[in-house]
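Chemist: Please find one structure pasted underneath; my questions will follow.
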Amino acid sequence: MAQRITIDPITRIEGHLRIDVEVDQGQVTKAWSSGQMWRGIEVILQGRDPRDAWAFTQRICGVCTTVHALASVRCVENALGLEIPMNAQYLRNIVMSLHALQDHIVHFYVLSALDWVDVVSALQADPAKTAALAASLSEWPNNSAKRFKAVQEQVKGIVDSGQLGPFASGYWGHPAMKLPPEANLMAVAHYLEALDYQRKASQALAIISGKNPHIQNVVVGGVTTALNPDSSTALNMERLYWIKQLTEEVRGFIQQVYLPDVAAVGALYADWLPYGAGVTNYLAVPDMVLDTKSTKFDLPGGTIVDGDLSTVTSIDSFNDTAFRDGVAENISRAWYKGDWTRHPYEEDTVPDYSEFDADGKYTWMKAPRFNGRPMQVGPLAQLMVGYAQGHSEIVKNVDQALGLVGSVAGVTLGPEVLHSTLGRHVARAVRASMLADLTLKHWDLLVDNIGRGDLEIFEEPVFPQGEQRGFGIHEAPRGALSHWIVIQDGKIKNYQCVVPSTWNAGPRDEKDQPGPYEASLVGNPIADAEQPLEVLRTIHSFDPCIACAVHLLDPEGRETIRVKAV
Ligand code: NFE
Ligand code: MG
């Protein structure tokens, strides 16, 4: 008999997400994704100065703050047709990729690994065998039997104390946990190291941007980071080399620990490769800008329909008209007044709450659509689009990662296995590795440019009378982000954010097409309805951020977890 499970809230994510699944004979048959709080940043912006919007929009979220600052200044610059200096592009690129490196490391270790890794089982591991396993994957110097033994003692101390701290309430001993004790111990040791490396990425970012979260150095027209190789009050050579050193350390961790760990988890859970594809329409936007006009990029954008790589299209600039005209949002299943589908420039945001109704309105998230289709966004989307376009760095990095997963699993794997829950993790690790290389490439480009005597960082914006419209795009850690602005006589008339987690976590639409989270859960196995670990695996693989998706604020004092089996 079919069972209904409600998980509210989903933990180890950002924000307040409720997932409902219908389970029949141990498999999910239907799912609903619901954003549970609303704040209304888009409404707060009306009537304000467009130059201030970035400072408001980055308060949408405490996780991906940087990305809303960037998308915001880009949408105003797009409305004004403003070109920005090359140094500003490079500094923005470096900041956005350092932010993504920190974000991807935290996502895998802190927010997802415990869906696959059984901490308690690590107590049974042989540290010498653990070191041998780790050595088969990489040459990371900390992978010694001595260190693994020390970590095991540390975990034993935590377990013996009865106060599990970050490891409390995990589904330890769940029948779907299948890693050998040695793989579990290796992953726990790397979990602890990850905390140091994510901090190094944030530190490098803060040297440029003043602080993290919520960067302080962007402005419509450029950046406010004064450049002067010899001044102690500007971004000088000493600070630039400090950033480079921290980035190199973070790259080492990503390429020698994070990526091999994800490959090992993917290989040791190869039975999970068939699950979680869901919506295989993909959308990514280009980023890591290489010119002042924003028409050349190191990372590609485009779309794919129905998982068919031959359908790939390309989004080539920050002025791409196919992207601009293809985006719309539908609210027929969301708690806003009306049931329209509208282009972001024409939208309004009028809250209209009612009870959760699986056949009617059930979420604060709007349903974004691209030419009428739901689209999956995120690192997987960007790699799929690049792979289909024959982007040489993406093809090389994806093939290498699939080779590593395949060699541990003892099988040959093609890119089609990436349409999956595990594929989203592999893609994120591959993107992190590429971004680490690109951060250093853009550091070189910046330092070369400064060396040529160019210290420009700002182009003054001028706001004419009348109406201007603009959109700003950025490939955020969770995928394609766009901000849309209508300016009237120098003031904000309308502002809409169409956010990665809204694309992925959004609800059904007027044609009853489910969103990516909802579609990806269908067919997932559920071994134990009281402990729906498999739902967490698939949902976490998207790296949800519900604050972004509904532009909200964390409340206080909510219950921590409620699993209801009906
Ligand atoms: Ni709040 Fe975000 C990212 C944005 S949401 S984390 O990345 O934009 O998906
Ligand atoms: Mg929005």
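Chemist: Does Gln58 fit the bill of being under 30 Å from Glu456 (Cα atoms) and within 16 Å of ligand 1 (Cβ to nearest atom)?
Modeler: Yes: the conditions hold for Gln58.
Chemist: Then there is this: Restricting attention to region 520-530, and to residues there that are in a loop (DSSP other than H, G, I, E, B) and among the hydrophobic types (A, V, I, L, M, F, W, C), which single residue is nearest to ligand 2 (Cβ to nearest atom)?
Modeler: Here the residue is Val522.
Chemist: Further, regarding this structure: Can you tell me which residue is farthest from Ile243 (Cα to Cα) among those in region 78-134 that are of a type in the set (Asp, Glu) and buried (at least 20 other Cβ atoms within 10 Å of the Cβ)?
Modeler: Once the filter is applied, the top-ranked residue is Asp118.
Chemist: Could you tell me how many of the residues in region 324-369 are within 16 Å of ligand 1 (Cβ to nearest atom) and not in a loop (DSSP other than H, G, I, E, B)?
Modeler: Count: 6.
Chemist: Residue by residue through region 519-550, note down the ones that are in contact with a Gly (Cβ under 6 Å, 6 or more places away or on another chain), closer than 16 Å to Tyr282 by Cα and within 16 Å of ligand 1 (Cβ to nearest atom).
Modeler: Ser520
Chemist: What are the pairs with Cβ atoms under 8 angstrom where one residue, in region 495-519, is touching a residue at least 12 places away in the same chain (Cβ under 8 Å) and more than 10 Å from ligand 2 (Cβ to nearest atom) and the other, located anywhere, is acidic (Asp, Glu) and assigned to a helix (DSSP H, G or I)? Sequence gap at least six, or different chains.
Modeler: Pro507/Glu518; Arg508/Glu518
Chemist: Quick check on region 61-77: of everything there that is surrounded by 24 or more Cβ atoms within 10 Å (Cβ to Cβ) and of a type in the set (Ser, Thr, Tyr), which residue is nearest to Leu246 (Cα to Cα)?
Modeler: Per the criteria, the residue is Thr66.
Chemist: So for region 85-103 (the condition being under 24 Å from the mean Cα position of the chain (by Cα) and either acidic (Asp, Glu) or within 16 Å of ligand 2 (Cβ to nearest atom) (or both)), does at least one residue qualify?
Modeler: yes
Chemist: For region 459-481, give me each residue that is on the phi < 0 side of the Ramachandran plot and surrounded by fewer than 24 Cβ atoms within 10 Å (Cβ to Cβ).
Modeler: The answer is Glu459, Glu460, Pro461, Val462, Phe463, Pro464, Gln465, Glu467, Gln468, Arg469, Gly470, Phe471.
Chemist: Another question, if that's okay. Can you find a residue in region 383-393 that is within 16 Å of ligand 1 (Cβ to nearest atom), over 24 Å from Gln46 (Cβ atoms) and in contact (Cβ under 8 Å) with a residue 40 or more places away in the chain?
Modeler: Yes: one or more hits.
Chemist: Among (1) buried (at least 18 other Cβ atoms within 10 Å of the Cβ); (2) away from ligand 2 (no atom under 16 Å from the Cβ), there is one condition Asp49 misses while meeting the rest; what is its number?
Modeler: Here Asp49 clears every test but (1).
Yes/no matrix, rows are residues, columns are (1) touching a Pro at 6+ places or on another chain (Cβ under 7 Å); (2) closer than 24 Å to Asn371 by Cα; (3) away from ligand 1 (no atom under 16 Å from the Cβ):
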position	(1), (2), (3)
Ala480	yes, yes, no
Trp484	yes, yes, no
Tyr495	no, yes, no
Val499	no, yes, no
Gly506	yes, yes, no
Gln513	yes, yes, yes
Tyr517	no, yes, no
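Chemist: Can you find a residue in region 313-320 that is within 26 Å of Ile539 (Cβ to Cβ), touching an Asp or Glu at 6+ places or on another chain (Cβ under 9 Å) and not in a helix (DSSP H, G or I)?
Modeler: Within region 313-320, none of the residues are within 26 Å of Ile539 (Cβ to Cβ), touching an Asp or Glu at 6+ places or on another chain (Cβ under 9 Å) and not in a helix (DSSP H, G or I).
Chemist: Separate question: Being out of contact with any helix residue (DSSP H, G or I) (no Cβ under 9 Å at 6 or more places or on another chain) and of a type in the set (Phe, Trp, Tyr) narrows it down to one of Phe297, Phe253, so name that one.
Modeler: After ruling out the rest, the residue left standing is Phe297.
Chemist: Take Tyr258 and tell me if it is aromatic (Phe, Trp, Tyr), under 30 Å from Glu182 (Cβ atoms) and in contact with a Gly (Cβ under 9 Å, 6 or more places away or on another chain).
Modeler: no
Chemist: For region 12-26, what are the residues that are within 21 Å of Ile60 (Cβ to Cβ) and either assigned to a strand (DSSP E or B) or away from ligand 1 (no atom under 16 Å from the Cβ) (or both)?
Modeler: Listed by number, the residues that qualify are Glu14, Leu17, Arg18.
Chemist: In region 135-157, is there at least one residue being over 28 Å from Gln400 (Cα atoms), out of contact with any Ser or Thr (no Cβ under 8 Å at 6 or more places or on another chain), crowded, with 17+ Cβ neighbours inside 10 Å and of a type in the set (Gly, Ala, Ser)?
Modeler: no
Chemist: Search region 342-360 for residues that are closer than 22 Å to Arg373 by Cβ and pair each with any residue that is of a type in the set (Val, Ile, Thr) and within 16 Å of ligand 1 (Cβ to nearest atom) when their beta-carbon atoms are under 8 Å apart and the residues are at least 6 apart or on different chains.
Modeler: So the pair list comes out as His343/Val327; Pro344/Val327; Pro344/Val498.
Chemist: Let me ask something else about it. Being more than 30 Å from Leu179 (Cα to Cα), in contact with a Lys or Arg (Cβ under 8 Å, 6 or more places away or on another chain), among the β-branched types (Val, Ile, Thr) and surrounded by 17 or more Cβ atoms within 10 Å (Cβ to Cβ) narrows it down to one residue among Thr313, Thr363, Thr303, Thr349; which is it?
Modeler: After applying the criteria, what remains is Thr363.
Chemist: Scan region 414-426 and give yes if some residue there is within 16 Å of ligand 1 (Cβ to nearest atom) and among the hydrophobic types (A, V, I, L, M, F, W, C), otherwise no.
Modeler: Within region 414-426, not a single residue is within 16 Å of ligand 1 (Cβ to nearest atom) and among the hydrophobic types (A, V, I, L, M, F, W, C).
Chemist: Determine which single condition Val462 fails, assuming it passes every other condition in (1) among the aliphatic types (A, V, I, L, M); (2) modelled with pLDDT of 95 or more; (3) touching a strand residue (DSSP E or B) at 6+ places or on another chain (Cβ under 8 Å).
Modeler: Only one criterion in (1) among the aliphatic types (A, V, I, L, M); (2) modelled with pLDDT of 95 or more; (3) touching a strand residue (DSSP E or B) at 6+ places or on another chain (Cβ under 8 Å) is unmet by Val462, namely (3).
Chemist: What are the residues in region 430-463 that are touching a residue at least 60 places away in the same chain (Cβ under 8 Å) and in a loop (DSSP other than H, G, I, E, B), if any?
Modeler: Asp454, Leu455, Glu456, Ile457, Glu459, Glu460, Pro461, Val462, Phe463
Chemist: Here are Val257, Val262, Val223: which of them is modelled with pLDDT of 95 or more, crowded, with 20+ Cβ neighbours inside 10 Å and more than 20 Å from the chain's Cα centre (by Cα)?
Modeler: Val223 is the lone residue from the list that is modelled with pLDDT of 95 or more, crowded, with 20+ Cβ neighbours inside 10 Å and more than 20 Å from the chain's Cα centre (by Cα).
The values are calculated or read from the model by the stated rules, or taken from the named source; none is laboratory data. Everything numeric in this text was worked out from a predicted model, so none of it was measured. In this analysis, Cβ positions are derived from the backbone assuming ideal geometry, glycine residues included, and neighbour counts consider all displayed protein chains.
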